[in-house]
Structures are given as C-alpha cells and as structure tokens.
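Everything on this sheet refers to the single structure shown next.
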Amino acid sequence: GILFEENYDHGGAYIAEINEGSSAAADGSICRGDQLIAIGEKRVSGMDFEEVMKLIVGGVEMKTKLSFFRGPAESLYGPSGASLSWLDEFVAERGEEAAL
C-alpha cells in the first residue's frame, strides 16, 4: 500500500499516498512526503524513478526493507542536505524500516 511519485528535480521517489488498511498504514511509522533513500541495502536516493520502481516491484522477498528520510526533497538533496557518504553510512548502519 504505498504510492510513490518521482522527485522531478532530484530523482528518486517520495511517498505520495499510503493506502488505508495497508500494512504501511497500520505500522504508522512512515508519512506522506517521506523520501525513499534505500531499498534493502541499496541506496536509491537520486536514482532514476523507473529504476527505483523496478527494484521495489522486482523484489522476490515477501517483505521489502525500505529506508526513508523525513522531510522535503530540498532538505535531502539541497545545498544543506546529506552528503552521499553520510547517506551510504546511514543506509548501511541504521536505516529506518518499513515493510511492504
């Protein structure tokens, strides 16, 4: 139950909608506007949207680990946003989880 939309100016994806009654809605830890930064151990922030969606849809596991950044795209990708090395470390060590 998550609808993702593309960050047109930065690449990557963010949560546009969370379907009522879905496991994501029941979990309650993610919100509309959260930026998707990783799928499993792969950082996807800034990646081509179609490639991001292929990774989500193409996963063979019943549950897919997603890591998010809470805030607008400008806060993640803008001049004062996280560096790529910080994002890589975050994804590897302590990403926020949500299961589809």
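Residues in the range 82-99 that are modelled with pLDDT under 80, of a type outside the set (Lys, Arg) and surrounded by fewer than 17 Cβ atoms within 10 Å (Cβ to Cβ): GLU93, GLU96, GLU97, ALA99. Tallying residues that are among the hydrophobic types (A, V, I, L, M, F, W, C) and touching a residue at least 60 places away in the same chain (Cβ under 8 Å) within the range 73-93 yields 2.
For residues in the range 13-72 being of a type in the set (S, T, N, Q) and in contact (Cβ under 8 Å) with a residue 40 or more places away in the chain, which is surrounded by the most Cβ atoms within 10 Å (Cβ to Cβ)?
Selected residue: SER45.
For the range 1-51, filtering for residues that are within 15 Å of LYS65 (Cα to Cα), among the acidic types (Asp, Glu) and not in a loop (DSSP other than H, G, I, E, B) leaves 1.
The values are calculated or read from the model by the stated rules, or taken from the named source; none is laboratory data. Not measured: the values here are computed from a predicted model. Ideal geometry is used to build each Cβ from the backbone, glycine not excepted, and the neighbour counts take in all protein chains shown.
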